[in-house]
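Working notes for the structure below.
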Amino acid sequence: MSTDGHVVVIGAGQAGVQTAEALRTLGFAGAITLLGNETHPPYHRPPLSKAWLAGEMDAAQLLMRSPEVLARKNITLRTGVSVAAIDRAEQTVSLGNGETLAYTGLVLATGSTPRQLNLPGADAQGVFALRSRDDASGIANQMARCVEQQLGVVVIGGGFIGLEVAATARKKGLSVTVLEAAPRLLGRVLAPVLSDWYAALHRSHGVHLELGAAVAALEVNANGAVSGVRLADGRVVPAGLVVVGIGVSANDQLAAAAGLACERGIVVDACTRTADPHIVAAGDCTARRLADGTLLRLESVQNATEQGKSAAAALMGQDRPFTATPWFWSDQYDKKLQMAGLSTGADTWAVRGDMGTDSPTSSFTVFHFRGTTLLAADSVNAAKDHLAVRKLLDAGISPTPAQAEDPAFNLANLLSV
């Protein structure tokens, strides 16, 4: 693509903003239109389940880029805009209002959507998923009502979003029950030892956990508001607020309708290219094809940021593969989890530090190995370990399990060997 023309970016989240700004950094001089389907200017999503929900952050702090800042970079932000279709042959995008935009380059940064709970009562007042700022504000308002009326909170789903909401609700003094269908929390992403640790952490803060829970329906009162969650065994957990956190699905419908390959997300290569040379995709909506033919889906700020940079480079005719070690974080109570690498396939584990849940000074790291090869590490209040592991993984260097669990062994020294 030449350095002029018109790039249309569908999605004004982390990946979309990053791509637009990276295009300017790389010298793209043409028009850039950034389309957001929400009415808010671009904002940070990670605080929504934590500081924003707790009322510890205002709108200015949540803001990622103001319209004025984007305008100074000659990036046209349009909010409250939906996209109806992509015509690849004509290189146009049809908007929901009937307008048509022509493009020379198109960026799909359409994000993801929370999975819905298909049960009776799931559409009652007081039932929320959490994805957007408006979702979080609705949950915060309902939490305030629960505080006033001494009503409980039920979280369906023991993943990161659900547990972060549970921690925030406990900080407000609310009674909280977490219902998880699997036999352990965070089972898709954490080793059993960490799942058990998180269960103990939440129980120590007064959360009632039900593992292996089967939800049958949501109870609704005469006013159309949720009043509880009925389990398959007939018990009802009273609730004035129900938060559903059972995962997300990639927003790949536009891409699929336009004939692009989609498989649990828009299929891209390491440089975020689709099969169409004029279209790239970045962020939560993508599934990256790896060298072995498998697909990798990542939902993180790092992935959105790095894929955004790669997408801009690809549109400028440059190769910038995103192959760095994935990392992710989650804050619950006074514990910060930082994950580096992907632990799938691990068969050996080593723990460094103190896994006590009741000490504010406890910190530890769980190392995941396949044989003697380090795959990943999950650190809790252990930022130094996390940073060292990211560098080791990027360099392809593994400590031995014995070195990993020895707190006296300086992991960073391996980088200088």
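Here is a check on your reading of the model: is GLY259 at pLDDT 95 or above and open to solvent by 50 Å² or more (accessible area, probe 1.4 Å)? Against the criterion (at pLDDT 95 or above and open to solvent by 50 Å² or more (accessible area, probe 1.4 Å)), GLY259 qualifies.
Can you tell me which residue in the stretch 67-115 is nearest to the chain's Cα centre (by Cα), limited to those that are open to solvent by less than 20 Å² (accessible area, probe 1.4 Å) and among the hydroxyl-bearing types (Ser, Thr, Tyr)? If we take residues in the stretch 67-115 being open to solvent by less than 20 Å² (accessible area, probe 1.4 Å) and among the hydroxyl-bearing types (Ser, Thr, Tyr), then SER112 is nearest to the chain's Cα centre (by Cα). Scanning the stretch 197-217 for any residue that is under 25 Å from GLY353 (Cβ atoms), among the β-branched types (Val, Ile, Thr) and open to solvent by less than 30 Å² (accessible area, probe 1.4 Å) turns up at least one such residue.
Condition check ((1) under 25 Å from ASP134 (Cβ atoms); (2) without any contact (Cβ under 8 Å) to a residue 60 or more places away in the chain) across all residues:
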site: HIS6; (1), (2): no, no
site: VAL9; (1), (2): yes, no
site: GLY30; (1), (2): no, no
site: ASP58; (1), (2): yes, yes
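Of all residues in the stretch 31-43 being open to solvent by 10 Å² or more (accessible area, probe 1.4 Å) and over 25 Å from SER137 (Cα atoms), which is nearest to the chain's Cα centre (by Cα)?
From the stretch 31-43, those open to solvent by 10 Å² or more (accessible area, probe 1.4 Å) are 31, 33, 37-41, 43; that's our starting set.
Imposing the further condition that a residue be over 25 Å from SER137 (Cα atoms) reduces the set to 31, 33.
On the way: ALA31: 30, THR33: 24 Å.
Only one residue tops the list, namely THR33.
Taking first residues from the stretch 314-326 that are within 13 Å of PRO277 (Cβ to Cβ) and partners that are open to solvent by 70 Å² or more (accessible area, probe 1.4 Å) and among the basic types (Lys, Arg), the Cβ contacts under 8 Å between residues at least 6 apart in sequence or on separate chains come to ALA314/ARG273; ALA314/ARG320.
Kindly indicate the residue of the stretch 362-386 that is polar (S, T, N, Q) and farther than 13 Å from ALA191 by Cα and also least open to solvent (accessible area, probe 1.4 Å) among those meeting that condition. Can you show your working first?
Quick first cut of the stretch 362-386, residues polar (S, T, N, Q) only: 362-363, 365, 372-373, 379, 381.
Of the ones still in play, those that are also farther than 13 Å from ALA191 by Cα are 362-363, 372-373, 381.
Details: SER362: 4, SER363: 42, THR372: 106, THR373: 72, ASN381: 54 Å².
Per the stated criteria, the residue is SER362.
Within the span defined as the stretch 221-237, one or more residues are in contact with a Gly (Cβ under 8 Å, 6 or more places away or on another chain), among the polar types (S, T, N, Q), outside any loop (DSSP other than H, G, I, E, B) and open to solvent by 30 Å² or more (accessible area, probe 1.4 Å). In the stretch 165-196, of all residues being among the charged types (D, E, K, R) and under 28 Å from ASN118 (Cβ atoms), the one that is surrounded by the fewest Cβ atoms within 10 Å (Cβ to Cβ) corresponds to ARG188.
The values are calculated or read from the model by the stated rules, or taken from the named source; none is laboratory data. Owing to the predicted nature of the structure, the values given are computational and were not obtained by experimental measurement. Cβ sites come from the backbone with ideal geometry, for glycine too, and all protein chains shown count toward neighbours. These area figures cover heavy atoms from the full protein model, side chains too; ligands, DNA and RNA do not enter into them. Shrake-Rupley method; radii C 1.70, N 1.55, O 1.52, S 1.80 Å.
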